[in-house]
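Written out below as structure tokens is the structure these notes cover.
The values are calculated or read from the model by the stated rules, or taken from the named source; none is laboratory data. In this text, all values refer to a predicted model and were calculated from it rather than measured experimentally. Every residue, glycine among them, receives a Cβ derived from its backbone with ideal geometry; neighbour counts consider all protein chains shown. Ligands, DNA and RNA are stripped out before the accessible areas are found, and what is left, the full protein with its side chains, is counted by its heavy atoms. Shrake-Rupley method; radii C 1.70, N 1.55, O 1.52, S 1.80 Å.
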Amino acid sequence: MAKLIRVAVEENHKGTMLHLIDMPGAFTRAQKLDDAIAKVIDEARMYESWVGKTYNELESLEYEVEVVQRETTNAQLDDGDTEILTLRDKDLDPAYFNQLKILALKSAVDFQKLYDSIPDKECNDDSKIRTTFYGKVPSNAKEMLLHVDKVTAYYLSRININFSEDKNDLVANRIQSLKLIESDKEAMSNPTIFIDNEYWTTAKVLRRFIWHDRIHARALYRFAVKKWGYENICDVFKFGMTLAK
């Protein structure tokens, strides 16, 4: 029997982003829906390898993709933005919270490993030197690490948690953010909060941590292997499974 991959579609005239609902933080992007769907199975295999499935386990799996949610968004999808509240974001039982917590920390640790393997942290990816709706796009490893870390306070503010323990350390800040969430009874009840024209829940914040790490890690990995070669860059996220094709 094929494994079902449930996807939530986020779309507008700028493009399409698909979120793999049961693989928090996994996503695909394309201009058209069919093209985004065509990338889902590769993304699922790559994600499941990242979380620990072996090559033999992945080879024996077959997948079936089903669209279970479809939303029109105001997000700047062409610049990698998102705002959707997926079906899974609306529930935060203890098992799901534990899964999200483990993955959010693993994602930060793995981003740091990728960063540490970059030979020149200030070597710019010229294709990224531009400005979008949120400002200057991070164009080198140092800027990307800083950007990924700096969203911590913003994400936690969406669920009314103040984050001031900024240590300029991605992993330490991620650990602290998870502790703050877990110790906040209101946050752990997973309330739906409407702020700045977007719906948020604690589950969404945790998923967004993972998604945000992955979208920037993928861009950084793609640039780094082109610049320094696959053999010199840590592929902890398993991006090479698709990029090397």
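Here is a list of conditions, (1) under 24 Å from Asp110 (Cβ atoms); (2) not in a helix (DSSP H, G or I), and Lys179 meets all of them except one; can you say which number that is?
Going through (1) under 24 Å from Asp110 (Cβ atoms); (2) not in a helix (DSSP H, G or I) one by one, Lys179 breaks only (2).
Looking only at the range 1-49, which residues are touching a helix residue (DSSP H, G or I) at 6+ places or on another chain (Cβ under 7 Å) and β-branched (Val, Ile, Thr)?
Those that are touching a helix residue (DSSP H, G or I) at 6+ places or on another chain (Cβ under 7 Å) and β-branched (Val, Ile, Thr): Ile5, Val7, Val9, Thr16, Ile21, Thr28.
Being closer than 21 Å to Gly52 by Cα and among the acidic types (Asp, Glu) is the filter here; which residues of the range 110-129 pass it?
Asp110
Give me the residue from the range 82-107 that is over 17 Å from the mean Cα position of the chain (by Cα) and open to solvent by less than 60 Å² (accessible area, probe 1.4 Å) and, out of that set, nearest to Ile159 (Cα to Cα).
If we take residues in the range 82-107 being over 17 Å from the mean Cα position of the chain (by Cα) and open to solvent by less than 60 Å² (accessible area, probe 1.4 Å), then Leu92 is nearest to Ile159 (Cα to Cα).
Of the residues that sit in the range 40-66 and are in a loop (DSSP other than H, G, I, E, B) and free of Cβ contacts under 8 Å to residues at least 60 places away in the same chain, which one is most open to solvent (accessible area, probe 1.4 Å)?
Among them, the one singled out is Ser60.
Sort through Gln69, Gln112 and tell me the only one that's open to solvent by less than 70 Å² (accessible area, probe 1.4 Å) and either of a type in the set (Ser, Thr, Tyr) or in a strand (DSSP E or B) (or both).
On the way: Gln112 fails: either of a type in the set (Ser, Thr, Tyr) or in a strand (DSSP E or B) (or both).
It is Gln69.
Restricting attention to the range 200-232, which residues are open to solvent by 10 Å² or more (accessible area, probe 1.4 Å), of a type in the set (A, V, I, L, M, F, W, C) and touching a Phe, Trp or Tyr at 6+ places or on another chain (Cβ under 8 Å)?
Answer for the range 200-232, where residues must be open to solvent by 10 Å² or more (accessible area, probe 1.4 Å), of a type in the set (A, V, I, L, M, F, W, C) and touching a Phe, Trp or Tyr at 6+ places or on another chain (Cβ under 8 Å): just Ile215.
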